[in-house]
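Report on the following structure.
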Amino acid sequence: MNTSDEAGSGEHRPPGKQSGADHAAFSALLEDSAEDLYEHAPCGYLSTLLDGTIAKINTTLLDWLGHDRGDLVGRRTFSDLLTVGGRLYHETHFAPLLRIQGEVSGIALELRTTDGGRLPVLVTSTVKTGGDGRPLLIRTTVFDARDRRAYETELLRARRQAEREREELMRLNATLQQTLLPPTLVNVPGLDVAAYYHVASTDMVGGDFYDLFPLSAGTWGLFLGDVCGKGAAAAAVTSLARYTLRAAAVYDPDPAAVLSNLNTVLNHEYNGHDPRFCTVVFGLLTPEGEHGGFRITLASGGHPPALLLRADGSVDQVDTPGGQLIGVLPDAHIATATVHLAAGDTLLLYTDGVTEARQARTGTGDGDRYGDEALLDFARALAPTTASNAVAAIRDLLDTFGTGIDDDTAVLAINVPRPPSEEQQ
């Protein structure tokens, strides 16, 4: 082996072997006296008599406080070093607990410095006893907590700032959510109309939407839908969908044509890396004239079926099978159905936030999804009903789920009121 290579690359030493410089540094550490370690430790030390009189204090603590040793030893007590609030806590809690337990650890206090400042510290005290078990003196270790206090102060400031920002975000979300819904539902002669929007989380804007608006020739349009996702992106799609539906209905009120127009817009605008789609049902309301009631033609794009609560107490789903999600395919299949609303009948449209909610259960784990069949049974128990009562019942149902609701829920109900003579009967 080439010895010159060893010298160039550094000599390999067996474990435990040290160079001359390393040995000298290590020896210097060993030569430090116990007294020097005590005096210049990175924390404060003091020993007091049982009445609190300071008997010994190290240089580190003296430097922190700005005192001379002669000012304190034999002259002052530990509590004299504390602030007014610290002295009160020391006398009422710290000292009694120390006498009972013999040790108190990690107590946050403040010491007064000679320049009038406050030094936040963490204090640990133990009672030293003699061979017969009798207490002799109190040994106290003091740790500088200024950096910790600064960190806690900054953490508190950041937390309060985050809370203010969250409150502002909640206000913005609530305002944005309101702009995506009609301020009031229009009055349709011969109909009782009610709607409700349940917000699952105030931190995120939901994607549910609904509307009822007049069209030409004594007809009205209505829609209710649910955009995939949450947040600003979903809100943008919701706004686009809402205004596209209104504009398309004015151009051609045929429900299938309205949804076809919406499908074209969404598929064109959101077919890239962040595809967006929605489920939606659009309806065209037309008075039946001499027959009374209303004819409703519904077109659905992948939306849960509406429920028809009849005046005789029966309940049917308005099936629109095969309707595809709006915005996914260039030419989505739109399913339609036509129903007649007679006096006492109520049509209930809803988003899947209610059917996908988890029911409360005892024990651990999540409850089961509420489901379509449960909602159908719920509607059967309601029928016959009015639009206002149906929406109120759904609100009460949602309240029973508590935190089991993961998604927003929109509900829209329309009812043909019974004649006054029938209501009295």
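In this structure, L72 does not qualify as under 43 Å from the mean Cα position of the chain (by Cα), open to solvent by less than 10 Å² (accessible area, probe 1.4 Å) and not β-branched (V, I, T). Within segment 303-322, the set of residues being open to solvent by less than 30 Å² (accessible area, probe 1.4 Å) and small (G, A, S) comprises A306, A311, G313.
Table: residues versus (1) closer than 24 Å to L37 by Cα; (2) of a type in the set (V, I, T).
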residue: T59; (1), (2): yes, yes
residue: L65; (1), (2): yes, no
residue: Y89; (1), (2): no, no
residue: T92; (1), (2): no, yes
residue: E165; (1), (2): no, no
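Of all the residues in segment 388-421, those that are outside any loop (DSSP other than H, G, I, E, B) and either modelled with pLDDT of 95 or more or closer than 21 Å to L347 by Cβ (or both) number 18. Scanning segment 205-228 for residues that are surrounded by fewer than 19 Cβ atoms within 10 Å (Cβ to Cβ) and at pLDDT below 80 gives a single hit, A217.
Just checking, how many residues over segment 80-110 are under 40 Å from the mean Cα position of the chain (by Cα) and surrounded by 13 or more Cβ atoms within 10 Å (Cβ to Cβ)? Let's see the steps before the verdict.
Going residue by residue through segment 80-110, those that are under 40 Å from the mean Cα position of the chain (by Cα) are 85-86, 89, 93-94, 104-110.
With the extra rule that they be surrounded by 13 or more Cβ atoms within 10 Å (Cβ to Cβ), the set shrinks to 86, 89, 94, 104, 107-110.
Residues flagged as under 40 Å from the mean Cα position of the chain (by Cα) and surrounded by 13 or more Cβ atoms within 10 Å (Cβ to Cβ) within segment 80-110 amount to 8.
Among the residues of segment 285-315, the one identified as over 20 Å from L212 (Cα atoms) and assigned to a strand (DSSP E or B) is V315. For the condition at pLDDT 80 or above and hydroxyl-bearing (S, T, Y), T129 qualifies.
Only residues that are open to solvent by 50 Å² or more (accessible area, probe 1.4 Å) and assigned to a loop (DSSP other than H, G, I, E, B): list them for segment 323-347, please. Of everything in segment 323-347, those that are open to solvent by 50 Å² or more (accessible area, probe 1.4 Å) and assigned to a loop (DSSP other than H, G, I, E, B) turn out to be Q324, L325, V328, L329, P330, D331, H333. On inspection, A374 does not qualify as of a type in the set (G, A, S) and assigned to a loop (DSSP other than H, G, I, E, B). For S105, the conditions (1) of a type in the set (G, A, S); (2) closer than 16 Å to G52 by Cα; (3) in a strand (DSSP E or B) all hold with the exception of (2). Checking segment 27-49 against the condition returns no match, with no residue being aromatic (F, W, Y) and modelled with pLDDT under 65. Flag not set for R246, criterion: under 19 Å from A410 (Cα atoms) and open to solvent by less than 30 Å² (accessible area, probe 1.4 Å). The requirement of being among the hydroxyl-bearing types (S, T, Y), open to solvent by less than 10 Å² (accessible area, probe 1.4 Å) and at pLDDT 90 or above is satisfied by T351.
The values are calculated or read from the model by the stated rules, or taken from the named source; none is laboratory data. Since the model is a prediction, treat every value here as computed from it, not as a measurement. Methodologically, a virtual Cβ is constructed for each residue, glycine included, from the backbone with ideal geometry; neighbour enumeration extends over all protein chains shown. Surface accessibility is based on the protein's heavy atoms, side chains included, excluding ligands, DNA and RNA. Shrake-Rupley method; radii C 1.70, N 1.55, O 1.52, S 1.80 Å.
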